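Asker: One structure follows; several queries about it will come next.
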Amino acid sequence: MTSELDIFVGNTTLIDEDVYRLWLDGYSVSDAVALRVRSGILEQTGATAAVLQSDTMDHYRTFHMLERLLHAPPKLLHQLIFQIPPSRQALLIERWGYYAFDEAFVREVLGKKLSKGTKKDLDDISTKTGITLKSCRRQFDNFKRVFKVVEEMRGSLVDNIQQHFLLSDRLARDYAAIVFFANNRFETGKKKLQYLSFGDFAFCAELMIQNWTLGAVDSQVDDMDVDLDKEFLQDLKELKMLVADKDLLDLHKSLVCTALRGKLGVFSEMEANFKNLSRGLVNVAAKLTHNKDVRDLFVDLVEKFVEPCRSDHWPLNDVRLFLNQYSASVHSLDGFRHQALWDRYMGTLRGCLLRLYHD
Amino acid sequence: MPGKLKVKIVAGRHLPVMDRASDLTDAFVEVKFGNTTFKTDVYLKSLNPQWNSEWFKFEVDDEDLQDEPLQITVLDHDTYSANDAIGKVYIDIDPLLYSEAATVISGWFPIYDTIHGIRGEINVVVKVDLFNDLNRFRQSSCGVKFFCTTSIPKCYRAVIIHGFVEELVVNEDPEYQWIDRIRTPRASNEARQRLISLMSGELQRKIGLKVLEMRGNAVVGYLQCFDLEGESGLVVRAIGTACTLDKLSSPAAFLPACNSPSKEMKESPLVHPPSHGCRSTHNSPIHTATGSRLTQNFSVSVPTLIYTGMGSGSAGKEGGPFKALLRQQTQSALEQREFPFFTLTAFPPGFLVHVGGVVSARSVKLLDRIHNPAFVGIMGNTRSYKLLDWNSFNSDEPETRDAWWAEIRQEIKSHAKALGCHAVVGYSESTSICEEVCILSASGTAAVLNPRFLQDGTVEGCLEQRLEENLPAGCGFCHIPYDELNMPFPAHLTYCYNCRKQKVPDVLFTTIDLPIDATVIGKGCLIQARLCRLKKKAQAEANATAISNLLPFMEYEVHTQLMNKLKLKGMNALFGLRIQITVGENMLMGLASATGVYLAALPTPGGIQIAGKTPNDGSYEQHISHMQKKINDTIAKNKELYEINPPEVSEEIIGSPIPEPRQRSRLLRSQSESSDEVTELDLSHGKKDAFVLEIDDTDAMEDVHSLLTDVPPPSGFYSCNTEIMPGINNWTSEIQMFTSVRVIRLSSLNLTNQALNKNFNDLCENLLKSLYFKLRSMIPCCLCHVNFTVSLPEDELIQVTVTAVAITFDKNQALQTTKTHVEKSLQRASTDNEELLQFPLELCSDSLPSHPFPPAKEHLESASSNSGIPAAQRDRCSSWIELIKLKAQTIRRGSIKTTVTVEKASPMGEGNFRNRSAPPCANSTVGVVKMTPLSFIPGAKITKYLGIINMFFIRETTSLREEGGVSGFLHAFIAEVFAMVRAHVAALGGNAVVSYIMKQCVFMENPNKNQAQCLINVSGDAVVFVRESELEVVSTQQPTANCQPSCTGGEVTT
C-alpha cells in the first residue's frame, strides 16, 4: 500500500512555525522529519513517523506555493488563494523570517556585488558558515530582490523597503544597510574587519545614509539614499588643509590638548599621536573622491584610527571625549572656512568611529 | 422582458505576463450573457489594468436570469494573431433575484483558467433591475429561495413544510462529443463547466416552479448532484424540501446568537420542544424490492435492510389511542404527497414525533448507450434550444432516470410504512458509477411527524394541546411508532428510561441530527464501519448481477460492524448515519459513518460476548477469554472517555419495573462457557441485549481484531459527523474547515478481502490520525460534520476525501455544562413548556448574587455609542495600512467592548469565563470569509442569507511533474476552489459560507503522459454573520428580551 496522493487544505492556511523555520533553513523534507522526530514531537503527540512525514510534506508544499507570493509581500495581502489572517502574514514575512537573515551569512556578502558571480560563491559560504545552501540562496535572493526593487526609487530607502516588503522598521533598516553597502561596495571582508558585526556596519550605514547621500540634501532625487553625494565627496578635498597647513594643524592640536588636559587618561598618548590621527582622518576624507577608496573606507578607518588607539589602550570614553573635542575645536580655527562641510563629515564619522571602536 | 442585468468591469490586478517581450499584458474583457457580448477597451501594457468600463446592460427574461451564468472572459489583445484568453469568471446571478438577498455583487474575483488555474483577479460590479410581477411567467421561479442548510435557516420561521421536491435534467457530456477530438482541452473543459452551470440553473428554476405550485417560497436542504455517466451522458439532479418560510422580524431583538442550535429553538415562536429520544434499530428482514418494470434497461433491485430497533414486552396502553389519532391526521396530510420525504436533518420543535429507524434502498442499473438521438427537447419544454448550442441532442430521456429514482423512492416509502411511519426525514440520494454500472442509493429515517407543519394551519387546536401533554420531553422521538404486537422485524423493546410510559427499542439508528433537546449522557463519537469486497471483473449484466449479489452481504456486514463498534463505545444510538457503497472495476467498498451517543431514554447497551466454536482446545479458550477481557476493558475505557455514566438515581426514584439493565446478559448460542453468574440471572429476566460474536473462523477473528484496533482520538479531541457534538456546547469562535484527500495504490498481487479491508481501514485511520496531528494546536477541539467519501478512480486506487470543521471549545466549561444539562433536563421534565420562565430561574440560582447587573449598565451605555467597526468596513479593507489602522482602532475600542462583554457575561458564568471574553474582539478578523459544513457559526449569529453557492470547476494539467505531482496539483486546485468560493461570498457582501459541502471531487491522473484532471463541485449558503459580542450591545438595550436568552447565550459566548 503506497500513498499516491496525500493533501490537506484548510480554509485558513495552516502554518506550523517550526516547520516553516526548518523550510527556511533549507532542510529537505526527510531532514526536517528527522529533526522534528528528534525534537520529541512524536512522544508529545503520540503521532507516528508516517503522520509526521505526511504533515511535513504538506507544509513544504504549502510553503512552496507561498514562496512566489512572499517575493512580493504586498501580493500576499491581496491574493485570494491562501486565507491567512493578517497577524500571521506578518509573522511569515518577518518574525518567523522569510526576510530574516543569518548574521554569519550577511557578514560574508555585505558590501559584495549582488550578482551572479557572488551567487556562485554561495557554496563556499555555505560550507564556511554551516548554513544550508538553500537557505543561503534564499537570503541572497532576498537581498538581491530588495536591492532591485528599491535601487532606483525615489524617497527614503527605509520607507521604500517597508512599503514594498512590509518589513518592520527594524528589519527595513537592516535591509537599507545591506542595499547601501552593496551599492557602494564597501569592503567588509578583510581580516582586520572581522571583529566588526553586521550591527556595527548597519549603524554606520544608517548614519551615512542620513548625512552623506543625496537624500540628505534633496529628498526629490532618484537613488537618493543609495548613492553617496558626489559633490560632497568632491568637496571633502578642501579639508586637506587641516593637516597640510602646519599652523592650522598645530593650532588644532593645541586647542584640543588644552581642552582635554586632565580629562583624558591617555592624554600623553593622545598628545603624541594627535598629528597622526588627524592626518589619518582627514586623508580618509580627501581620498573619498575615488571609488576604490570609498570601498576601503572601513579598512582605512580601522587602520588609521581604531588600531592606533587600541594599541595605546584608549578607553572608549576617552575616544569619545577626544573625537568630540577634535570636531568641535575646528570651529575655533579662524583660517578654516569649511565648517559646514567639516560637520557633515565629522558628525557622521565620529558616530561611526565610536561604534567601530571595540575589541 | 422582465429584467435588466447591468455589469461594470472596474479593474484587474496581478494579471499574468502575456507578452514576453515587454513583460506586460494588453488586457481587455468580454462580458457575455446569453447570446449578447460586450467588450471593454484594451488597457495597454499593464498587469493591473483599470478599465472602469461603462455599465453593460443586458435586457433579458427572468428565465434566462435564472438559468444563465454571467460569463466574463479576460483576454490579451494581440494585433497580429488571435487574442489569447487569460481566464474566465462565471458569476451566478441568482442571489440577486430574491428580494431579501444580495442587491449587488461587487468585488474581486479570481480569474480562472482550467489549464493554468487562477491568474490574477478582476473587479466586477453586477446589478439586476427586475420589472413586473416576478411570478407572472410561470416558466421562471424568481423569488424562491434556496438553502443548502438541512434545517430551517436561522433567521426564518417555518410556517409550513410542504415536502419533497425533486428534478433532474440530462444532457450529453461535451467531453464525449465527437467535437472533443478536435478541440483543445481548455475548450472542452469550458464547454463542460458552462453546460453544467446552465443545467444547474435550469434545474434550480424547475424546482422553484414546483415549489411555487406547492405554494411554498423556499427550498431547504437543497442537494444537487452530478452523475458523470460517461458516454451515456451527464445527469444533474436535485432534491430538496419545499417550505413556506417567514423572516423573523427583528432578529436582533432576540438573543444574541447562539452557537448551538439548541438556542435557536428558543427564538422560534413555536411552543413546545421536540422530544429527544431515540428509537433504534437493528438488522432485520430484508425487503425485496419489486421487480423492475423497465424495459430497455437492465435493472436489479437489491434487497435492502431496514435498520430498526428491537424490543419486547408489553405495550404501553397510554399512548395507544392517541397515537392512532395522530397517525390518522398525519397520514391524511402526507398521503396527498407522492413521496412524504424531507431532506431536513434538524427540525423545528415539535415537528418530529417518533422515529422508526433507518430505511434505505439500493438498485443496480446498467447505463445504456443509445446512439440514435431522439429529437426530444431535453428539458421537455421550450427552453431546450439552448442546448442545441452544444450540438447535443439528448441521447437519453430524463424519464428513464426519473423512473429509476421513482422506483427507489417507492421502495423507501414502503419500508417506512413497514415501520409504522408515514414520512422519511434526513432523506438523501446518491449514486456510484463505474463504467456502465450504476448503483443508485437512497436512505433516510422513517418517522412520524406532527401534521401541524405540513398543511395550512387550521388543524390542531385540541390535538396540539394533547400532544404537548402527552409527549414527555426529551424522549418522545425514541418511542416506537409501530405496533409492538405486529412488529416488522424482531425487536427488543423496553419501557422508556426517561418517561417509563412508552416503549423504546434498545438501539436506535437514524440519518438525522441529534434533536436539540434529546437527553444525552456523556459525549458522542464518530463511529465508522469500513468494508471492502473483491469482485470479479465482468461486463454488463454479469457485472450488475455480481454487484447486486454482493450488496446485501455488504449491508449486513456494515450493519454488524456499526453495531459492534457502538456497543464497544458503550453507546446506544447512532445519528447522522451515512452508508456509502462505491463500485469499482474489481471491488466494492462500503463506508458507513455516524455519530454514536448514549441516549438516556434507551436501555444501557449490553456488552459484547465472544463465543468460540471449538471449546475443547485449552489454549484456544484462553485466547478467547483474553480477547473477552480486552473487549470488556475497552468498553470500560470508552465509557470513561466519553463520560457515560447513566444516572442510576433516577431509576430508583421512578421504581423501574424493568430489570437493572447495566449488567450484561448474554445469549448463548454456542457452547461457550466463561460462566458468569450475573449473566445467568439476567437471562432469567428474559432480557437479551447481549451481543454475541462467534469466533468460528478467521474472518470473525479479523472482525474482532479490527474492533480493537480502532484507536480513540488523542485526548482533547472529539469527532462526530453530525452538526454538533452531543455533550459539548461551549464552542469558541475558532473554526477551521478543511478538506483532506488521500489516494493509495494497492499492491495488486494476491489481494484478499482481508488484506483489502486492512488497507482500507489503515487508510481511514491514518487519515484521521493525520488530522488530529495537524489540528493539535486547536485542542480542546471537536471535528464536526466529518464527511468521508470513497471513490475508486482506477483498478488499484482507493481515494478517500474528508471534509470537516474543527471547532475549539472551552474545556473548563464543559464540566459545568454536563451538570447543567442534566439539571435542565430534569427541569424540563417537571416544568412544562413555559421555557421563557425557566431560564431566568436558572439564572438567578447560579450567578445573580455574585454579579449584580447595575455595573454592567453603565459600561453598556458608553459602549453603545462606541459600537464596533461595521462589518462592511472591515470587508473592504484592502491595504496593509488600512489594516493596521483598523486594527489599532479595534484594539482601542476593544478595550471598552471587552469590559462590556465581561460584565455582561458574568451573570451566567464563572471566573474562567471572563478570560475568554477578550479574544474575540481582538481577533475580529478582517476580510476573512469563514467556511463551515455546519449550519451555524459558533459564537455568532447569522443575520442574513445571501443565496446559494453552487460551483463546478474543472482543472487539467499537461505538466503534472512541474506542478508538484498529483499532490501539488490537487492541493493547488482545492486551494483555488476555496478561494473562488470565498471571493463569490465576499462579492455578495457575505462573510461566511455555511452548510458547505464538497459534493464531488473526481480525480484522474495519467502520470505516464504527465497529465491529470480533476472535477470539483461544491455548494453552500452565503451568509452574513455578526459576532455575538457585537450583538450584545443591542440586546441589552432591551432588558426584556435579553435576560432570558443570555443564560444560554452565555454558555456559548466566546
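The values are calculated or read from the model by the stated rules, or taken from the named source; none is laboratory data. Treat the numbers as computed from the prediction; the structure is a model and nothing was measured. In this analysis, Cβ positions are derived from the backbone assuming ideal geometry, glycine residues included, and neighbour counts consider all displayed protein chains. Remember, those area values only see protein heavy atoms, side chains included, never the ligands or the DNA or RNA. Shrake-Rupley method; radii C 1.70, N 1.55, O 1.52, S 1.80 Å.
Asker: Residues in segment B:992-1010 that are more than 12 Å from every other protein chain (Cβ to nearest Cβ), in a strand (DSSP E or B) and not β-branched (Val, Ile, Thr): how many?
Answerer: 4
Asker: Report, by residue number, each residue of segment B:488-543 that is open to solvent by 20 Å² or more (accessible area, probe 1.4 Å), of a type outside the set (A, V, I, L, M, F, W, C) and part of a strand (DSSP E or B).
Answerer: B:TYR495, B:ARG533
Asker: So which residues in segment B:956-983 are in a strand (DSSP E or B) and open to solvent by 10 Å² or more (accessible area, probe 1.4 Å), if there are any at all? Working first, answer last.
Answerer: Going residue by residue through segment B:956-983, those that are in a strand (DSSP E or B) are B:956-957.
Answer for segment B:956-983, where residues must be in a strand (DSSP E or B) and open to solvent by 10 Å² or more (accessible area, probe 1.4 Å): just B:GLU956.
Asker: Let me ask something else about it. Before we move on, is B:SER188 at pLDDT 85 or above and out of contact with any strand residue (DSSP E or B) (no Cβ under 8 Å at 6 or more places or on another chain)?
Answerer: On the way: at pLDDT 85 or above: yes; out of contact with any strand residue (DSSP E or B) (no Cβ under 8 Å at 6 or more places or on another chain): yes.
So B:SER188 passes the test.
Asker: Which one of B:SER917, B:SER924 is open to solvent by less than 30 Å² (accessible area, probe 1.4 Å), within 13 Å of chain A (Cβ to nearest Cβ), at pLDDT below 90 and under 16 Å from B:GLU1028 (Cα atoms)?
Answerer: Details: B:SER917 fails: within 13 Å of chain A (Cβ to nearest Cβ).
Result of the check over B:SER917, B:SER924: B:SER924.
Asker: Sticking with this one: Can you name the condition, by its number, that A:GLY46 falls short on among (1) within 10 Å of chain B (Cβ to nearest Cβ); (2) surrounded by 19 or more Cβ atoms within 10 Å (Cβ to Cβ); (3) over 24 Å from A:ALA172 (Cβ atoms); (4) free of Cβ contacts under 8 Å to residues at least 60 places away in the same chain?
Answerer: (2)
Asker: While we're looking at this one, here's another question. Among the candidates B:ARG776, B:ARG742, single out the residue that is open to solvent by 50 Å² or more (accessible area, probe 1.4 Å) and more than 28 Å from B:ALA346 (Cα to Cα). Before the answer, list the steps.
Answerer: Details: B:ARG742 fails: open to solvent by 50 Å² or more (accessible area, probe 1.4 Å).
Step by step, each of B:ARG776, B:ARG742 is checked, and only B:ARG776 is open to solvent by 50 Å² or more (accessible area, probe 1.4 Å) and more than 28 Å from B:ALA346 (Cα to Cα).
Asker: Let me ask another. Quick check on segment B:790-802: of everything there that is in a strand (DSSP E or B) and of a type in the set (A, V, I, L, M), which residue is surrounded by the fewest Cβ atoms within 10 Å (Cβ to Cβ)? Show your work before the answer.
Answerer: First, pick out the residues of segment B:790-802 that are in a strand (DSSP E or B): B:790-791, B:797-802.
Okay, now just the ones that are also of a type in the set (A, V, I, L, M), so B:790, B:797-798, B:800, B:802.
Values: B:VAL790: 21, B:LEU797: 18, B:ILE798: 26, B:VAL800: 21, B:VAL802: 22.
If we take residues in segment B:790-802 being in a strand (DSSP E or B) and of a type in the set (A, V, I, L, M), then B:LEU797 is surrounded by the fewest Cβ atoms within 10 Å (Cβ to Cβ).
So that you can scan it fast, the table gives a plain yes or no per residue for (1) of a type in the set (Gly, Ala, Ser); (2) modelled with pLDDT of 90 or more:
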position	(1), (2)
B:TYR427	no, yes
B:PRO451	no, no
B:GLY457	yes, no
B:GLU464	no, no
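Asker: Can you tell me which of A:LYS119, A:LYS113 is assigned to a loop (DSSP other than H, G, I, E, B) and either open to solvent by 40 Å² or more (accessible area, probe 1.4 Å) or among the polar types (S, T, N, Q) (or both)? Explain how you work it out, then say what you get.
Answerer: Details: A:LYS119 fails: assigned to a loop (DSSP other than H, G, I, E, B).
Step by step, each of A:LYS119, A:LYS113 is checked, and only A:LYS113 is assigned to a loop (DSSP other than H, G, I, E, B) and either open to solvent by 40 Å² or more (accessible area, probe 1.4 Å) or among the polar types (S, T, N, Q) (or both).
Asker: Could you check A:LEU52 against (1) within 10 Å of chain B (Cβ to nearest Cβ); (2) crowded, with 21+ Cβ neighbours inside 10 Å; (3) within 34 Å of the chain's Cα centre (by Cα); (4) not acidic (Asp, Glu) and say which number it fails?
Answerer: Unmet condition: (3).
Asker: In segment B:927-982, what residues are among the polar types (S, T, N, Q) and either at the interface with chain A (Cβ under 10 Å from one of its Cβ atoms) or more than 15 Å from B:TYR112 (Cβ to Cβ) (or both)? Before the answer, list the steps.
Answerer: Restricting attention to segment B:927-982, the residues satisfying the condition of being among the polar types (S, T, N, Q) are B:932, B:935, B:943, B:950, B:957-959, B:967.
Matches in segment B:927-982: B:THR932, B:SER935, B:THR943, B:ASN950, B:THR958, B:SER959, B:SER967.
Asker: Return only the number of the condition from (1) open to solvent by less than 10 Å² (accessible area, probe 1.4 Å); (2) at pLDDT 80 or above; (3) within 30 Å of B:PHE717 (Cα to Cα) that B:GLY474 does not satisfy.
Answerer: (2)
Asker: Now for a separate question. Is segment B:744-764 home to any residue that is within 21 Å of the chain's Cα centre (by Cα) and within 14 Å of chain A (Cβ to nearest Cβ)?
Answerer: From segment B:744-764, those within 21 Å of the chain's Cα centre (by Cα) are B:764; that's our starting set.
Next cut, within 14 Å of chain A (Cβ to nearest Cβ) only: B:764.
Checking segment B:744-764: at least one residue is within 21 Å of the chain's Cα centre (by Cα) and within 14 Å of chain A (Cβ to nearest Cβ).
Okay, residues lined up against (1) open to solvent by less than 50 Å² (accessible area, probe 1.4 Å); (2) modelled with pLDDT under 95; (3) in contact with a Phe, Trp or Tyr (Cβ under 9 Å, 6 or more places away or on another chain):
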site: B:MET18; (1), (2), (3): yes, yes, no
site: B:LYS32; (1), (2), (3): no, yes, yes
site: B:ASN35; (1), (2), (3): no, yes, no
site: B:ASN48; (1), (2), (3): no, yes, no
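Asker: Any idea which of (1) modelled with pLDDT of 90 or more; (2) buried (at least 21 other Cβ atoms within 10 Å of the Cβ) is the one B:ASP62 doesn't satisfy?
Answerer: (1) is the only condition that B:ASP62 fails.
Asker: Looking for whichever is more than 14 Å from chain B (Cβ to nearest Cβ) and in a helix (DSSP H, G or I) here; the options are A:ARG107, A:ARG88, A:ARG68, A:ARG61. Which one fits?
Answerer: Details: A:ARG88 fails: more than 14 Å from chain B (Cβ to nearest Cβ); A:ARG68 fails: more than 14 Å from chain B (Cβ to nearest Cβ); A:ARG61 fails: more than 14 Å from chain B (Cβ to nearest Cβ).
From the options A:ARG107, A:ARG88, A:ARG68, A:ARG61, the qualifying one is A:ARG107.
Asker: Select, from A:HIS313, A:HIS358, the only residue that is closer than 30 Å to A:ASN183 by Cα and assigned to a loop (DSSP other than H, G, I, E, B). Quick ask: steps written out before the conclusion?
Answerer: Values: A:HIS313 fails: closer than 30 Å to A:ASN183 by Cα.
Going through A:HIS313, A:HIS358 in turn, the sole match is A:HIS358.
Asker: Out of all the residues in segment A:10-18, is one or more closer than 22 Å to B:ILE807 by Cα, hydrophobic (A, V, I, L, M, F, W, C), open to solvent by less than 40 Å² (accessible area, probe 1.4 Å) and more than 8 Å from chain B (Cβ to nearest Cβ)? Walk me through how you get there before you give the answer.
Answerer: Of segment A:10-18, the ones closer than 22 Å to B:ILE807 by Cα are A:10-17.
Checking which are hydrophobic (A, V, I, L, M, F, W, C) leaves us with A:14-15.
Keeping just the survivors that are open to solvent by less than 40 Å² (accessible area, probe 1.4 Å) gives A:15.
Those left that are additionally more than 8 Å from chain B (Cβ to nearest Cβ): A:15.
Yes; the residues of segment A:10-18 include at least one that is closer than 22 Å to B:ILE807 by Cα, hydrophobic (A, V, I, L, M, F, W, C), open to solvent by less than 40 Å² (accessible area, probe 1.4 Å) and more than 8 Å from chain B (Cβ to nearest Cβ).
Asker: Does segment A:300-314 hold any residues that are open to solvent by 10 Å² or more (accessible area, probe 1.4 Å) and either among the hydroxyl-bearing types (Ser, Thr, Tyr) or under 26 Å from the mean Cα position of the chain (by Cα) (or both), and which are they?
Answerer: A:ASP300, A:GLU303, A:LYS304, A:GLU307, A:PRO308, A:ARG310, A:SER311
Asker: How about segment B:762-799: which of its residues are in contact with a helix residue (DSSP H, G or I) (Cβ under 6 Å, 6 or more places away or on another chain) and closer than 18 Å to B:LEU591 by Cβ?
Answerer: B:LYS769, B:SER770, listed by residue number.
Asker: Any idea how many residues of segment B:1-32 are in contact with a Leu (Cβ under 7 Å, 6 or more places away or on another chain) and among the acidic types (Asp, Glu)?
Answerer: 2
Asker: Right, next: What's the number of the only condition in (1) of a type outside the set (D, E, K, R); (2) assigned to a loop (DSSP other than H, G, I, E, B); (3) closer than 21 Å to B:LYS769 by Cβ; (4) more than 7 Å from chain B (Cβ to nearest Cβ) that A:GLY26 fails to meet?
Answerer: It is condition (3) that A:GLY26 fails.
Asker: Then there's this: Picking from B:ASN766, B:ASN787, which residue would you name as being assigned to a strand (DSSP E or B), open to solvent by 10 Å² or more (accessible area, probe 1.4 Å) and at pLDDT 80 or above? Full working, then the answer.
Answerer: Details: B:ASN766 fails: assigned to a strand (DSSP E or B).
Only one candidate passes the filter, namely B:ASN787.
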